[in-house]
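Remarks on the structure that follows.
The values are calculated or read from the model by the stated rules, or taken from the named source; none is laboratory data. Note that the coordinates shown come from a computational prediction; the quantities given were computed from them, not determined experimentally. Here the Cβ is made from the backbone with ideal geometry for all residues, glycine too, and neighbour counts use every protein chain on show. Ligands, DNA and RNA are excluded from the accessible area calculation, which covers all protein heavy atoms including side chains. Shrake-Rupley method; radii C 1.70, N 1.55, O 1.52, S 1.80 Å.
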Amino acid sequence: MPPPADIVKVAIEWPGAYPKLMEIDQKKPLSAIIKEVCDGWSLPNHEYYALQHADSSNFYITEKAQNAQQLHERIQSSSMDAKLEALKDLASLSRDVTFAQEFINLDGISLLTQMVESGTERYQKLQKIMKPCFGDMLSFTLTAFVELMDHGIVSWDTFSVAFIKKIASFVNKSAIDISILQRSLAILESMVLNSHDLYQKVAQEITIGQLIPHLQGSDQEIQTYTIAVINALFLKAPDDRRQEMANILAQKQLRSIILTHVIRAQRAINNEMAHQLYVLQVLTFNLLEDRMMTKMDPQDQAQRDIIFELRRIAFDAESEPNNSSGSMEKRKSMYTRDYKKLGFINHVNPAMDFTQTPPGMLALDNMLYFAKHHQDAYIRIVLENSSREDKHECPFGRSSIELTKMLCEILKVGELQHLSPEKFTLL
C-alpha cells in the first residue's frame, strides 16, 4: 500500500555520519520533525538546529538558524584562513531570507560595514604578500552585504559617509579585482536608487569621468553595472543637474564608447544590458521634453533668426535689396517664395508653424542641426523638393515637423513611466 500523501521520504545528511532516508509527516510541526531527526543522531538541543536544502541554494527550512550565530562569530576570527572560509559561507547563505533575518538580527550588517571601513586598512599591509586572500576576503564580504541588503530588511539610509567613500574608492581605482568592482557598482546603484540622501553623497564621490573607463573593458557584466550606476545618478539628479550630466556625457563621447566597446565589440547583448541601454536612451531623450513643449514666439527675434539661417544656408543669398520702401516689397516677396521652397505651411510667417506642441521648438532645433551639420544633403533636399510637382513633393519644413512629432511619440519623450525592458534602438 502506498504511503499517505502527507508522508514523504527525504534523505537527510549530517557531517561525519551516513545519510538517512526518513519518512517525514508534513502535518507535524517543523520543530517536531527536526527533533526526530536530531534524536536519530542523538543530538541534544534540537531547537538550535535547522533543516537546509542540500542543493546549490543551501536555503534553510526553518526560522531558527544556528549557523547565523556561528558565522557571526567565525567572521570575527583572528585566523585569516578561518575568516576567509566563514565569509565564503556567509556569501552563499545570505541568499536565504530566513538566514539573512537571523544574521541581521545579530547586527550583522553593521559588522560587515565596519569590516569594509576599517578591516581593509588593517589588512592593507598584508596585501602584497597575500593579495589573493585579501581580494577574496573583500569580495566575499561585499557579496554577503549585497545579498543581505537585497532582502529589503535594512534601510539604505543607515549607512555612513565613511562606508560610501570606501565603496566609491573601489570603483575609482584603476586596477581592482573584477568581483570587487562588480559588487561595489551594484552597491552604489542601490544606494542611489533607494535613498535621496545617499544620492547626494554618492554623487560627491563618483564622477562620470571615473565611470566611463569601466565601459572600455571587455567584461559585459561590469559594463552593465557601470551603465546602471550612470542611469541611477541620471534618474535621481535634480532637473538642472540632468542637463549638466548630459553635457558631460556628450563631452566624454559616451555614445561612441558604447557603440565601440559594448554594442559592436560584444557577440551578443544580454537582456540586462539591453534594458540598461534602453533606460539610458529614455533618460537622454527626456531631456528634450522642455523644447518639445515650448511654442515658438513669433515676436522673438532670436527664434526668428533661426528661420533666417535656414533660408540663408539653403539659398545662400549674397546680396539683399536696399532697405527702401520699394525694395521692402521685393524682400518680402523673395522671403515668401523661399519659405515656400523650404516647405513651410505659412509662407509669410513660418514662425507660426512651430506654435503647436509637440513638437514645438524641438522641430526647429532638429532642422537647424541638419542644415549646419549635413549642409550638402540639406541643400539638395530643399532644391529637389522645391522643383517637384505638388503631388510628388516632400516639403522639408512640414516633413521635419511631422517627423519630429512622430519620433517623440515613438520614443515616448517625457514619459519616464515607460522604463521597462523593451527592445531598444540606439540613435
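Using a cut-off of 13 Å between alpha-carbon atoms, which aspartates and glutamates can reach Lys166, once sequence neighbours fewer than 8 places away in the same chain are excluded?
Glu117, Glu121, Glu205
On a 0 to 90° scale, report how tilted helix 178-194 is relative to the longest principal axis of the chain, with both axes built from alpha carbons and the result rounded to the nearest 10.
Tilt relative to the chain: about 70 degrees.
Provide the gained length on full extension for the span Ser77 to Ala203, in nm with one decimal, where the gain is 0.36 nm per separating residue minus the Cα-Cα distance.
41.8 nm
Using the structure shown, list the pairs from Lys9/Lys88; Lys252/Lys412; Lys295/Lys412 with a Cα-Cα distance above 29 Å, or answer none.
Result: Lys9/Lys88 exceed 29 Å.
Separation of the range 328-392 and the range 96-118 by C-alpha centroid, Å?
65
Any aspartates and glutamates with Cα under 15 Å of the Lys330 Cα? List them, leaving off those in the same chain fewer than 8 positions away.
Excluding near neighbours in sequence, the set is Glu320, Asp338.
Report, to the nearest whole %, how much of the accessible area of the chain belongs to carbon and sulfur atoms, 1.4 Å probe, protein only.
Here carbon and sulfur together make up 51 percent of the probe-accessible area.
Using square roots of five times the C-alpha gyration tensor eigenvalues, list the equivalent-ellipsoid semi-axes of the range 168-269 in whole Å, biggest first.
Working through the eigenvalues yields semi-axes of 21, 17, 11 Å.
Of Val282, Phe315, Tyr335, which is farthest on the positive side of the dipole of the range 239-342, counting Cα position, with +1 on Lys and Arg Cβ, -1 on Asp and Glu Cβ, and the Cα centre as origin?
Looking along the dipole axis, the top candidate is Phe315.
Which distance in Å, rounded to a whole number, links the C-alpha centroids of the range 147-224 and the range 240-284?
Rounded to whole Å, the Cα centres lie 18 Å apart.
Can you give the charge dipole size of the chain about its Cα centre, rounded to the nearest 20 debye, using +1 on the beta carbon of Lys and Arg and -1 on the beta carbon of Asp and Glu?
1180
From Cα pairs below 8 angstrom and at least 6 apart in sequence, can you work out the relative contact order of the chain, rounded to a whole percent?
The value is 10 percent.
If r is the Cβ-Cβ distance from Glu415 to Ala17 and R0 is 45 Å, what FRET efficiency results, to the nearest 0.05?
Working from the Cβ atoms, E equals 0.15.
Against the longest alpha carbon principal axis of the chain, how many degrees, from 0 to 90 and to the nearest 10, is the axis of helix 271-285 turned?
40
To test your reading of the geometry: what angle, between 0 and 90 degrees and rounded to tens, separates the Cα axis of helix 301-315 from the longest principal axis of the chain?
Helix 301-315 sits roughly 70 degrees off the main axis of the chain.
Looking at the chain, I'd like the Rg to Rh ratio, where Rg is from alpha-carbon atoms and Rh is Kirkwood's inverse mean 1/r.
Expressed as Rg/Rh, it is 1.19.
Once fully extended, how much extra length lies between Ala175 and Leu403, figured as 0.36 nm per residue of separation less the alpha-carbon to alpha-carbon distance?
77.4 nm
For the chain, with every protein chain kept in place, what is the accessible area per residue (1.4 Å probe, Å²)?
55
Estimate the FRET efficiency between Ile345 and Glu309 by the formula 1/(1 + (r/R0)^6), using the beta-carbon distance for r and 25 Å for R0, to the nearest 0.05.
0.85
Per 5 Å bin, what is the whole-percent P(r) computed from every C-alpha pair distance within the range 221-309?
3, 11, 19, 20, 14, 12, 8, 6, 5, 2, 0
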